[in-house]
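These notes concern the structure reproduced below.
The values are calculated or read from the model by the stated rules, or taken from the named source; none is laboratory data. Please read all numbers here as calculations on a predicted model, not as lab measurements. Every residue, glycine among them, receives a Cβ derived from its backbone with ideal geometry; neighbour counts consider all protein chains shown.
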């Protein structure tokens, strides 16, 4: 446990808002963070009581269009309560134009609609994991080194048609390049999905998960526990892709977050 706490403090410098209640000094739209609650204290955020580790640490994430300020409510062991307001820095999102996609990948034909619906159910189920793993407290490593070809939050125009914002980070690399786990955890999904091709989801504990898409091959199985740096598979272009790359996403429960904000400088 001491080793884990050292890593948390290294990655997320904490600012004291009260004697024993701390959150990172800078919060940004779409960011993932770890805070610290006092012993016996309950932390509430957006109507949810946050789970805390035995040492009082709690992960949380901010919406990609988060308001300028968020509020935490602390309920102490004696029943007293206090609220803490923290400023949130805005992010600037660009527009990505992608042409040359097969039409069926932009506007799916009716015969694949049920497959897409079933794919979404599988992904949602995998992201509901709320285990006691605590791998999210370590510094991340890059899942693959390459050119960042797509940023989180970018508005997308696919074959001339506006689509939903990009929910992850794209890293372009040659097909067959190894992909590794940025954190350790447990594999909760291995599947071939319509949009994202060969896809892996890993649970890192306390509602934190990551997803790896468009893989040419997969090296893990559902239920497998892996360590940081473990081989997940290889870069590919399965699913909706115009070239080999890794689409990498970070989630806190149902909140899609920007993994790039948590990476060490390259």
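Some notes on this structure:
- Filtered by the rule that a residue be under 28 Å from residue 100 (Cα atoms) and either surrounded by fewer than 24 Cβ atoms within 10 Å (Cβ to Cβ) or in the same structural domain as residue 66 (by TED's automatic domain parsing) (or both), region 215-235 gives 216, 217, 218, 233, 234.
- Criterion violated by residue 35 - all others in (1) assigned by TED's automatic domain parsing to the domain that holds residue 136; (2) buried (at least 18 other Cβ atoms within 10 Å of the Cβ) satisfied: (1)
- Taking the criterion of being within 21 Å of the chain's Cα centre (by Cα) and more than 25 Å from residue 91 (Cα to Cα), the residues of region 51-61 that qualify are 51, 52, 53, 57.
- The set of residues in region 43-55 that are surrounded by 15 or more Cβ atoms within 10 Å (Cβ to Cβ) and without any contact (Cβ under 8 Å) to a residue 60 or more places away in the chain comprises 43, 44, 45, 50, 52, 55.
- The residues of region 141-168 that are modelled with pLDDT of 95 or more, within 15 Å of the chain's Cα centre (by Cα) and surrounded by 18 or more Cβ atoms within 10 Å (Cβ to Cβ) amount to a single one, 143.
- The set of residues from region 106-123 being touching a strand residue (DSSP E or B) at 6+ places or on another chain (Cβ under 8 Å) and either assigned to a helix (DSSP H, G or I) or not assigned by TED's automatic domain parsing to the domain that holds residue 166 (or both) comprises 106, 119, 122, 123.
- Number of the exception - residue 86 against (1) in contact (Cβ under 8 Å) with a residue 12 or more places away in the chain; (2) in a loop (DSSP other than H, G, I, E, B): (2)
- Residue within region 68-87 that is in contact with a strand residue (DSSP E or B) (Cβ under 6 Å, 6 or more places away or on another chain), under 23 Å from residue 210 (Cα atoms) and surrounded by 15 or more Cβ atoms within 10 Å (Cβ to Cβ) present: no
- Among the residues examined, residue 216 does not qualify as in contact with a strand residue (DSSP E or B) (Cβ under 9 Å, 6 or more places away or on another chain) and at pLDDT below 95.
- Restricted to strands (runs of 3 or more DSSP E) entirely inside region 162-255, those with at least 3 residues that are closer than 21 Å to residue 62 by Cβ are 197-205, 208-215, 245-252.
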